[in-house]
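Here is the structure we will look at.
None of the figures in this text is laboratory data; all of them are computed from the coordinates on show. In this text, all values refer to a predicted model and were calculated from it rather than measured experimentally. Here the Cβ positions follow ideal geometry from the backbone for every residue, glycine too, while neighbour counts run over all protein chains shown.
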Amino acid sequence: MAARKVPDLPNVSKDDLLKYYREMLLIRRFEEKAGQLYGMGLIGGFCHLYIGQEAVVVGLEAAAEEGDKRITSYRDHGHMLACGMDPKGVMAELTGREGGYSRGKGGSMHMFSKEKHFYGGHGIVGAQVPLGAGLAFADKYKGNGRVTFTYFGDGAANQGQVYETYNMAELWDLPVVFVIENNQYAMGTSVKRSTKSPSLWQRGAAYGIEGEAVDGMDVLAVKEAGERAVAYCRAGKGPYILEVMTYRYRGHSMSDPAKYRSREEVQKMREERDAIEHVRDLLMQGGHATDEDLKAIDKEIKAIVNEAAEFAKDSPEPDPAELWTDIYADAAPQTA
Amino acid sequence: MATEILMPALSPTMEEGTLAKWLVKEGDTVTSGMILAEIETDKATMEFEAVDEGTIGKLLVAEGTSGVKVNTAIALLLAEGEDASAEAPKAAEAAAPKADAPKPEAKVTSAVETPPHPARAADTTPDWPEGTKMKTMTVREALREAMAEEMERDETVFLMGEEVGEYQGAYKISQGLLDQFGAKRVIDTPITEHGFAGIAVGAAFGGLRPIVEFMTFNFAMQAIDHIINSAAKTLYMSGGQMGAPMVFRGPNGAAARVGAQHSQDYAAWYAMVPGLKVVMPYSAADAKGLMKTAIRDPNPVIFLENEILYGRSFDVPVLEDFTIPFGKAKIWREGTDVTIVSFGIGVAHSLEAADKLAKEGISAEVIDLRTLRPLDYDTVLTSVMKTNRCVTVEEGWPVGSIGNHLSATIMERAFDYLDAPVINCTGKDVPMPYAANLEKLAILTSDEVVAAVKKVTYR
Ligand SMILES: Cc1ncc(C[n+]2csc(CCOP(=O)(O)OP(=O)(O)O)c2C)c(N)n1
Ligand SMILES: [Mg+2]
């Protein structure tokens, strides 16, 4: 096994490190469990796992304040866990049950939590970008000082609506952080095969938007960049772009045979750059935690995930009457 | 106790597969993420990863075996300290959800259960009290007044679109609103329909009540994804947690001599979509009352205006707060021989036709649907049950038209009342031509309505 680069010990507290470790591990274990339930036929349709990218949301959530909003694509389980949504409700939505966040009517790709300011969960590549700017528009209109994190992929970054949004977000100084989660692939298309742009964040310059690229396998680097971005937006200076360089270990969705990249490429990332192992190293080297301590955390997380899985299996399917609810906010749908 | 490793479902449609190759052997230690086997699904050969850690105790299915059903145990995984003789677990729980008590059947009105007829009592209350003072106003003024009143009433209402502010509106519907409400609430956008429609939907998710003006609805096709996928479906997909209370408005349908790309009626397109409400007024009073209702509605509303009608004048009631509910048709003219059902500018053709028909002794009842979703089926059915004949009139294309839908509904619910097949008068099934003579041929006329009525009345 190739050795990971020994990290320099940054100036970060033990509590923070343990928090990031725990949050990232929760996402990973949750996703592994989701993969397993998918394999058992308990989760249907498309299911996009976030394994490998955990440091992105955990780092950025560490830079967020209460009331800030977030919106993302269909690869959304990690975002929901990171912003504090209940793993049980998320897993039960994956299994399409009454106990799910959308009472089983949204599924893996379409989940929301008004309480946690999580605005989805969107299945159309790139659509969340103007929607996120719109949330920021509402906050600016109300003058409440909130910031919206709008996540999208390297593939989504080629959608025209992203640039329409950049233009208006800068024109109107909207408090939105555009987070490009560059995991290097859009399904089977590598970034190199989809654009000749040397970097994605720099495209913002055409609209006058500032930004930067960040190492997305380093949760501390992500948090630091996130804090810069948030401070910029909160100061009323307009949007900011973070291109977070990350990697997804699993296939695009569950049915991806992953023939577009080598097993070695994935293995190398896992062994040399894994974000969770990175924090683990920091904890051990800083003398903040022992192997035993971390095993105990692992056990705790497993229990949470197992509980979520049990809930998601036991929760009943939605009542058939749910077919006809929530179509209109004020009235039952009409039948001819 | 040993854990069973089950044959996984590796695609949305996989029911069984071939265990092509084992990449581990009995006695191997595995960690989560390690590849255990290659499995051929209905789509591809996939790698199957371990989720739990442990030691492979037993391989239960030999490599090369085909037709292995999903959820069959294919191997045993031993935890620390266990040996292969450890008792195998009971068969894993079935994947199907627990079937506890029998579930209540949904109370759904399917086609089969639909009562054949007749209509429920139609709402025939007048739109305003008798004796209300009236003033004459154009549709344009009525729309502007409705928006101004609602913006006055609710701080969260704002207008955005191309040229709505400083230019005072491409069709002058927003004349004066910038002066009255300022640039925070009357927002000129760049020419970027997809983008600003998405931003407006996001703003609605965020608690505002946007009015989005499309310079014409032809350009809303660039924004159709946000109208349908983001605005119309989110309430449902979120289990009722959040939706898009907003109005998409602008001129729709043929103007004059602007050719195929600027002359299309989208009524039937939008009316198809659950989650949207769809309004298409004819008169100024309806434009005003329905626009105010649309802005207050907690759902996304498509408000289809008409450039040719903008300048027409009608009587509008002078009332403090005048609204018209959705789903209530208006009977413009009562009659006994035939029911003409229309909406939008189609009502103008229908009323003209009714005048001509009256001169020939045919008494036509003219119904203006005003809203297409919800749609006032009861008023239509009640009328058809009286006249026994029906002609529908709309400017849009014939295939999948509102008229088609009405015909089907009348056939299902009032078949025995019909004395003739329903005829749909529509625009011609062609892109709008530019040449004056061809354009005239493409657009629906009152003479065509007259001819259709004569056909259903066998005259
Ligand atoms: C408009 C649209 N086009 C195509 C798809 C199908 N699709 C789903 S995900 C995807 C790849 C997106 O890749 P990226 O933006 O990099 O996000 P990632 O999956 O890597 O998180 C595609 C093509 C879609 N959902 N929406
Ligand atoms: Mg990607």
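Each Cα pair under 8 Å and six or more residues apart adds its separation to the average, and for chain A the resulting relative contact order is 25 percent.
Let me check against my output: what whole-number percent is the relative contact order of chain B, with C-alpha pairs under 8 Å and at least 6 apart? Don't skip to the answer; put the middle values down first.
Values: 977 pairs, mean separation 56.2, N = 459.
Result for chain B is 12 percent.
Looking at region B:134-317, what % of its DSSP beta bridges pair antiparallel, to the nearest 5?
Numbers: 5 of 25 bridges.
About 20 percent, rounded to the nearest 5.
Please report the net charge: other residues with Cβ closer than 14 Å to the Cβ of B:R389, K and R +1, D and E -1. Don't skip to the answer; put the middle values down first.
Working: positive: B:K386, B:K454, B:K455, B:R459; negative: B:D337, B:E365, B:D416, B:D419.
Surrounding charge for B:R389 is 0.
Taking Cα atoms only, the orientation of helix B:377-387 departs from the longest principal axis of chain B by about 50 degrees. Is region B:134-317 rounded, prolate or oblate when judged by the Cα gyration tensor, a ≥ b ≥ c being the square roots of its eigenvalues, rounded requiring a/c under 1.5 and prolate requiring a/b larger than b/c? Since a/c stays below 1.5, the shape of region B:134-317 is classed as rounded.
Full extension of the chain segment joining B:R459 with B:N437 gains 5.0 nm, where the gain is 0.36 nm per residue of separation less the Cα-Cα distance. Seen from all directions on average, region B:3-83 presents a Cα convex hull projection of 4.6 nm². For the pair region B:1-53 / region B:250-275, the C-alpha centres are spaced 53 Å from each other. Between the Cα long axis of helix B:346-359 and the first principal axis of chain B there is an angle of about 40°, rounded to the nearest 10. Bridge orientation summary for the protein assembly as shown: considering DSSP beta bridges with both residues in this region, about 40 percent are antiparallel. Sequence-ordered 3J(HN,Hα) estimates for region B:206-212 from the Karplus curve with 6.51, -1.76 and 1.60 and θ = phi - 60° stand at x, x, 9, 10, x, 10, 9 Hz, glycine and proline given as x.
I'd like the per residue volume of the convex hull spanned by the Cα atoms of chain A, given in cubic angstrom.
Once divided by residue count, the hull of chain A is 154 Å³.
Taking one quarter of the surface of the C-alpha convex hull of the protein assembly as shown gives a mean projected area of 38.1 nm².
Shape class of region B:300-459 from the Cα gyration tensor (axes a ≥ b ≥ c, square roots of the eigenvalues): rounded, since a/c falls below 1.5.
A simple count of charges around B:Q222, restricted to other residues whose Cβ falls under 10 Å of its Cβ and scoring Lys, Arg +1 and Asp, Glu -1, yields -3.
Given a 10 angstrom Cα cut-off, can you work out which residue in A:G35, A:G251, A:G160 is the most mobile in a GNM of chain A? Taking springs between Cα atoms under 10 Å, the residue moving most is A:G160. Against the empirical curve 2.2 N^0.38 Å, the C-alpha radius of gyration of region A:31-118 lands at a ratio of 1.04. Remark: the A:A329-A:E212 segment gains 38.0 nm on full extension, using 0.36 nm per residue and subtracting the alpha carbon distance.
Distance between the 7 Å Cα→Cβ label points at B:T336 and B:T136: 3.4 nm. Dividing the alpha-carbon radius of gyration of chain B by the rule-of-thumb value 2.2 N^0.38 Å gives 1.35.
Want the number for B:A62 to B:D123: 0.36 nm per residue separation, take away the alpha-carbon distance, what's left? Each step should come with its number before you reach the end.
Values: separation 61, 0.36 × 61 = 21.96 nm, distance 7.12 nm.
Value of the extension gain: 14.8 nm.
Average partner chain C-beta neighbours within 10 Å, per residue of A:164-177?
Values: counts 12, 7, 1, 4, 9, 2, 0, 3, 3, 0, 2, 0, 1, 0.
Mean partner-chain Cβ count within 10 Å for A:164-177: 3.
Other chains' Cβ within 10 Å of B:26-32 residues: what's the mean? Show your work: numbers first, answer last.
On the way: counts 0, 0, 0, 0, 0, 0, 6.
So the per-residue partner count for this stretch is 1.
Which of the residue pairs A:K268/A:K299; A:K19/A:K302; A:K19/A:K114; A:K33/B:K58 have a Cα-Cα distance greater than 19 Å in the structure shown?
Working: A:K268/A:K299 27 Å; A:K19/A:K302 16 Å; A:K19/A:K114 24 Å; A:K33/B:K58 22 Å.
Violating the 19 Å limit, Cα to Cα: A:K268/A:K299; A:K19/A:K114; A:K33/B:K58.
In this rough spin-label picture, where each label sits 7 Å from Cα along the Cβ direction, the B:E26-B:V399 distance is 6.4 nm.
Secondary structure note: in chain A, about 10% of the DSSP beta bridges are antiparallel.
The distance separating the Cα centre of region B:376-442 from that of region B:309-344 comes to 18 Å. A:E224 sits among other residues whose Cβ lies under 13 Å from its own Cβ, and their net charge, with Lys and Arg +1 and Asp and Glu -1, is -3. Across region B:134-317, the mean sequence separation of Cα contacts (distance under 8 Å, 6 or more residues apart), normalised by length, yields a relative contact order of 28 percent.
Mind giving me the nanometre distance, one decimal, between the label points for B:K184 and A:K299, set 7 Å out from Cα along Cα→Cβ? My value for the distance between the label points is 5.7 nm.
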